[in-house]
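What follows is one structure encoded as structure tokens, with my remarks underneath.
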């Protein structure tokens, strides 16, 4: 006869087998559910996502020397044919058009912003036919709801292939990549993209746009400009014909406060350099000032500075609280117009902790496609 111990052991093994099978079945159901959701999001979104073409004529002296042809991805933001793409796809082009619903439609560049690598285009719908005079727009989501580990979907046109989704996960929210500082914290996602997919949307699990893909990193990650940032730049271009980024004229850096326990993770942002003849100099900033607050927003990390200042336009005034010699001082600063020579720099020049010449590569445009 089999002993009680043997029976218990056999029952335990059977139970583990049942649980393992149940877990496998559950995992299969979960994966199939996710698979169907991705397919559904792609089907609902792809009609609002277009292939963008741009050509620039080349000359050797006074003689034509062919043309440079770039191809990327874009997406509609309203029913009138306005769409967004990466500035690196269409900047300095002589001709621009899109492929949408099997048609080639002319488009014009309303404005480019090298500061965020964003461009706003207007599609000519006169050639689209009566049934296609209204364009579908992707819904906009809230990137503040994203967390590290959140699933995201990038959709674009790789090379000369049809559009396709790339599923990934949020890996972080970065203010810089190597020595390059972004205009505001960007979403870093584990999406490996191919040439031609730059300028496409980054969607959340509900199919809402949370960012626009502007750069890649190490081949298997991408950076996306958050939707609040692209809304601000697009609104500037539609209203003023150009982006209206405010400019301060400060060099700032962050540091860990050494006399506090490292576990408390206490950081502060301080003024490293005040440039002459700038709004910062006029407002009375000094080297060594600790930036404690911008308007009503507390400042502890570099991302707090970028998120606070990015949405101000030139000519607007804000209050900045700094700590100087142990005393709190409230400075009023009128943001100036960004000089052309620093157009690609943030409003506050930021020194990374580990200076590097490495910059994030822009997701390249596909070339030679017609």
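The values are calculated or read from the model by the stated rules, or taken from the named source; none is laboratory data. Nothing here was measured: the structure is a model prediction, and the numbers come from that model. Cβ placement follows ideal geometry from the backbone for every residue including glycine, while neighbour counts extend to all protein chains displayed.
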Filter the range 294-331 for residues that are touching a helix residue (DSSP H, G or I) at 6+ places or on another chain (Cβ under 9 Å) and assigned to a strand (DSSP E or B); the one that is surrounded by the fewest Cβ atoms within 10 Å (Cβ to Cβ) is 298
For residues in the range 266-286 being part of a strand (DSSP E or B) and touching a residue at least 24 places away in the same chain (Cβ under 8 Å), which is farthest from residue 336 (Cα to Cα)? 267
Looking at the range 229-243, can you tell me whether even one residue there is closer than 16 Å to residue 117 by Cα, part of a strand (DSSP E or B) and in contact (Cβ under 8 Å) with a residue 24 or more places away in the chain? no
Can you find even one residue in the range 271-286 that is outside the structural domain of residue 188 (by TED's automatic domain parsing) and closer than 18 Å to residue 175 by Cα? yes
Residues in the range 113-161 that are in a loop (DSSP other than H, G, I, E, B) and in contact with a strand residue (DSSP E or B) (Cβ under 9 Å, 6 or more places away or on another chain): how many? 22
Just to be sure before I move on: is residue 103 farther than 18 Å from residue 46 by Cα and exposed (fewer than 14 other Cβ atoms within 10 Å of the Cβ) in the structure I sent? no
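Residue by residue, here is whether (1) surrounded by 13 or more Cβ atoms within 10 Å (Cβ to Cβ); (2) at pLDDT 90 or above holds:
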{"site": "224", "(1), (2)": "yes, yes"}
{"site": "236", "(1), (2)": "yes, yes"}
{"site": "239", "(1), (2)": "no, yes"}
{"site": "242", "(1), (2)": "yes, yes"}
{"site": "246", "(1), (2)": "yes, no"}
{"site": "249", "(1), (2)": "yes, no"}
{"site": "261", "(1), (2)": "no, no"}
Have a look at 166, 213, 170 and point out the one that is crowded, with 21+ Cβ neighbours inside 10 Å and more than 15 Å from the chain's Cα centre (by Cα). 166
